[in-house]
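Some notes on the structure that comes next.
The values are calculated or read from the model by the stated rules, or taken from the named source; none is laboratory data. Note that the structure is a prediction, hence the values are computed from the model and not measured. So basically every Cβ, Gly included, is an ideal-geometry build from the backbone, and we count neighbours across all protein chains shown.
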Amino acid sequence: MSGQSNYNPKTGIEKWLDARLPIIRLGVDTMIFPSPRNLNYWWTFGAILAVMLVSQLITGIILAMHYIPHPDMAFDSVQHINRDINFGWMLQPMHAVGASMMFLAVYIHMFRGIYYGSHKNPREMIWIVGMVIYLLMMATGFMGYVLPWGQMSIWGAIVITNLFSAIPPEAAGTAVTQWLWGGFTVDGPTLNRFFSLHYLLPFLIVAMVALHIWALHIPSNNNPTGISIKTKADTLNFHPYYTVKDAFAIAVFLMIFSYFLFFKPDSMGHPDNFIPANPYSTPAHIVPEWYYLPFYAILRAVPDKLMGVITMFASIGVLFILPWLDISKVRSMRYRPLAKQFFFLFVLACLGLGWAGAKLPSDLVFATGVDADGHAVGLTFVWMSRLLTVYYFAFFLVILPLLGLLEKPKPRPASIEASVLGTDKGEV
């Protein structure tokens with residue numbers, strides 16, 4: 001950690017341990033450091049994500065003790081966990097629902113970062129490491145979705161892994177796809193590979209989270225005003241002020257989590273995934289988990305397979321270069337009225353893409369009339385996806401750069417302290 005240490009060992013045991021393994025010092029310096037005094041509850045989702053990550057690790061390790069990664073036994077082993085293992089009825093849904101709750105928290109965390117400019121100088125590396133964590137979460141979540149070996153599991157694996165066959169030249173795409181499969185189709189070797197990676201990647205996520213927190217301690221937290229810390233009066237110690245605030249937010253979030261866990265444990269899954277995997281019976285509509293739906297809609301919006309894959313990966317890749325696309329010198333959109341409006345439209349576009357991704361492309365969003373054969377015609381979900389995809393990329397590649405050049409921000413408080421106490425005597 002950067003800066004002067006806050007830890008002063010007092011007892012003989014503490015001094016002995018600190019001289020040999022300063023783990024207590026590391027913990028104290030992690031928890032007690034100056035933070036902006038105006039952080040609101042949108043900043044609690046980092047701590048919520050840490051708690052959810054620990055929950056996923058613990059439940060995942062226990063489930064791995066009973067899961068059998070074999071195509072003939074995987075589905076039954078999940079049912080065995082739910083029905084016969086002590087507390088299995090809670091542990092398996094806790095892991096599955098926990099994945100959805102973790103993605104919900106990370107999306108809120110990311111939207112907050114974009115709105116308040118947490119990706120801007122000097123916090124570019126914090127944002128980039130966070131995006132690496134997000135990619136690892138997506139890979140881990142996808143592989144975990146395959147493990148129950150239901151109909152959606154196997155067909156989701158078939159659809160997503162087949163995307164890599166679009167890599168040119170054709171021989172290279174085929175080689176990559178067959179390497180992922182471990183053979184010539186999605187089968188036992190694929191399940192074994194996905195199980196191994198699903199077990200290992202979370203530990204890589206833990207390492208990246210540690211790096212994320214370390215990077216955060218260098219420039220300290222951003223804050224709702226986007227103004228840098230100027231004096232000690234602008235700060236509060238993270239502990240006890242924000243640890244208490246985080247604890248309250250965690251408790252509220254866990255109540256929501258518990259509601260789904262105990263009353264609607266299967267509401268976030270697809271009914272077809274409670275049918276054993278059958279590679280010879282294609283489901284009527286193949287859809288991924290809800291947290292992948294916006295990217296699935298972007299994939300389907302492009303008629304060409306290769307361009308669809310490129311566009312889908314570009315929709316994630318553009319987030320990595322966001323710090324250099326949002327060129328406004330004002331961090332927080334609280335003082336950027338035009339950027340704020342475009343941001344809320346961006347949030348609606350992401351929600352709209354999620355909705356479109358869950359529907360059949362040919363379904364109508366709304367009907368505008370009938371054709372000569374009496375069939376309803378109007379805006380289909382594939383066209384809705386295309387329009388929203390255009391806005392998604394335009395927000396990053398066109399709107400934010402132009403606003404950085406043309407927008408006139410509102411006056412900002414002179415300091416963080418002034419914004420909290422309402423004693424503004426100047427503007428910056």
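Residue by residue through the range 44-58, note down the ones that are farther than 24 Å from Asn223 by Cβ and either of a type in the set (Ser, Thr, Tyr) or part of a loop (DSSP other than H, G, I, E, B) (or both).
Ser55 - this is the single residue of the range 44-58 that is farther than 24 Å from Asn223 by Cβ and either of a type in the set (Ser, Thr, Tyr) or part of a loop (DSSP other than H, G, I, E, B) (or both).
What are the residues in the range 7-47 that are modelled with pLDDT under 90 and in contact with a Phe, Trp or Tyr (Cβ under 7 Å, 6 or more places away or on another chain), if any?
Within the range 7-47, Ile24, Arg25, Val28, Asp29, Met31, Ile32, Phe33 meet the criteria.
Give just the number: which of (1) modelled with pLDDT of 95 or more; (2) in contact with a helix residue (DSSP H, G or I) (Cβ under 6 Å, 6 or more places away or on another chain) does Ile154 not satisfy?
(2)
Give the range 139-157 a look and list any residue that's hydrophobic (A, V, I, L, M, F, W, C) and buried (at least 17 other Cβ atoms within 10 Å of the Cβ), or say none.
Phe142, Met143, Val146, Leu147, Trp149, Met152, Ile154, Trp155, Ala157
Give all pairs with beta carbons closer than 6 Å in which a residue from the range 178-204 that is among the hydroxyl-bearing types (Ser, Thr, Tyr) meets a residue that is in a helix (DSSP H, G or I); count only pairs at least 6 apart in sequence or on separate chains.
Pairs that qualify, where the first residue is among the hydroxyl-bearing types (Ser, Thr, Tyr) and the partner is in a helix (DSSP H, G or I), are Thr190/Trp181; Tyr199/Ala64.
For residues that are in contact with a Gly (Cβ under 8 Å, 6 or more places away or on another chain) and among the charged types (D, E, K, R), tally how many sit in the range 265-291.
2
Run Phe396 past the list (1) aromatic (Phe, Trp, Tyr); (2) loosely packed, with under 15 Cβ neighbours inside 10 Å; (3) in a helix (DSSP H, G or I) and report the number of the one that doesn't hold.
(2)
Just checking, does the range 184-194 include any residue being buried (at least 16 other Cβ atoms within 10 Å of the Cβ), hydroxyl-bearing (Ser, Thr, Tyr), out of contact with any strand residue (DSSP E or B) (no Cβ under 7 Å at 6 or more places or on another chain) and within 19 Å of Asn278 (Cα to Cα)?
Yes, that holds for at least one residue.
For every residue, the table says whether it meets (1) without any contact (Cβ under 8 Å) to a residue 12 or more places away in the chain; (2) within 18 Å of Leu136 (Cα to Cα); (3) hydrophobic (A, V, I, L, M, F, W, C); (4) surrounded by fewer than 20 Cβ atoms within 10 Å (Cβ to Cβ).
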{"site": "Tyr41", "(1), (2), (3), (4)": "no, no, no, yes"}
{"site": "Thr44", "(1), (2), (3), (4)": "no, no, no, no"}
{"site": "Met65", "(1), (2), (3), (4)": "yes, no, yes, yes"}
{"site": "Gly88", "(1), (2), (3), (4)": "no, no, no, yes"}
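Determine which member of the set Thr174, Thr185 is assigned to a helix (DSSP H, G or I), over 17 Å from Leu135 (Cβ atoms) and not hydrophobic (A, V, I, L, M, F, W, C). Reasoning before the result, please.
Numbers: Thr185 fails: assigned to a helix (DSSP H, G or I).
Result: Thr174 is the single residue among Thr174, Thr185 that is assigned to a helix (DSSP H, G or I), over 17 Å from Leu135 (Cβ atoms) and not hydrophobic (A, V, I, L, M, F, W, C).
For every residue, the table says whether it meets (1) surrounded by fewer than 16 Cβ atoms within 10 Å (Cβ to Cβ); (2) of a type outside the set (Ser, Thr, Tyr); (3) closer than 20 Å to Asn162 by Cβ; (4) over 21 Å from the mean Cα position of the chain (by Cα).
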| site | (1), (2), (3), (4) |
| --- | --- |
| Lys245 | no, yes, no, yes |
| Ala249 | no, yes, no, no |
| Pro276 | no, yes, no, yes |
| Thr282 | yes, no, yes, yes |
| Tyr296 | no, no, yes, no |
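Looking at Leu319, Leu345, Leu306 in this structure, which one is of a type in the set (A, V, I, L, M), surrounded by fewer than 17 Cβ atoms within 10 Å (Cβ to Cβ) and closer than 26 Å to Gly117 by Cα? First the steps, then the outcome.
Numbers: Leu319 fails: surrounded by fewer than 17 Cβ atoms within 10 Å (Cβ to Cβ); Leu306 fails: closer than 26 Å to Gly117 by Cα.
So the residue among Leu319, Leu345, Leu306 that is of a type in the set (A, V, I, L, M), surrounded by fewer than 17 Cβ atoms within 10 Å (Cβ to Cβ) and closer than 26 Å to Gly117 by Cα is Leu345.
Yes or no, residue by residue, for (1) farther than 30 Å from Ser332 by Cα; (2) assigned to a loop (DSSP other than H, G, I, E, B); (3) not acidic (Asp, Glu):
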{"site": "Asn8", "(1), (2), (3)": "yes, yes, yes"}
{"site": "Gly27", "(1), (2), (3)": "yes, no, yes"}
{"site": "Trp42", "(1), (2), (3)": "no, no, yes"}
{"site": "Gly60", "(1), (2), (3)": "yes, no, yes"}
{"site": "His66", "(1), (2), (3)": "yes, yes, yes"}
{"site": "Asp76", "(1), (2), (3)": "yes, no, no"}
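Among the residues in the range 156-170, are any more than 20 Å from the chain's Cα centre (by Cα), within 17 Å of Ser77 (Cβ to Cβ) and part of a helix (DSSP H, G or I)?
No: the range 156-170 contains no residue that is more than 20 Å from the chain's Cα centre (by Cα), within 17 Å of Ser77 (Cβ to Cβ) and part of a helix (DSSP H, G or I).
Just to be sure I understand the filter: pairs with C-beta atoms under 7 Å, separated by 6 or more residues or on different chains, first member in the range 240-261 and on the phi < 0 side of the Ramachandran plot, second member assigned to a helix (DSSP H, G or I) and among the aromatic types (Phe, Trp, Tyr). Which pairs pass?
Cβ pairs passing all conditions: Ala249/Tyr41.
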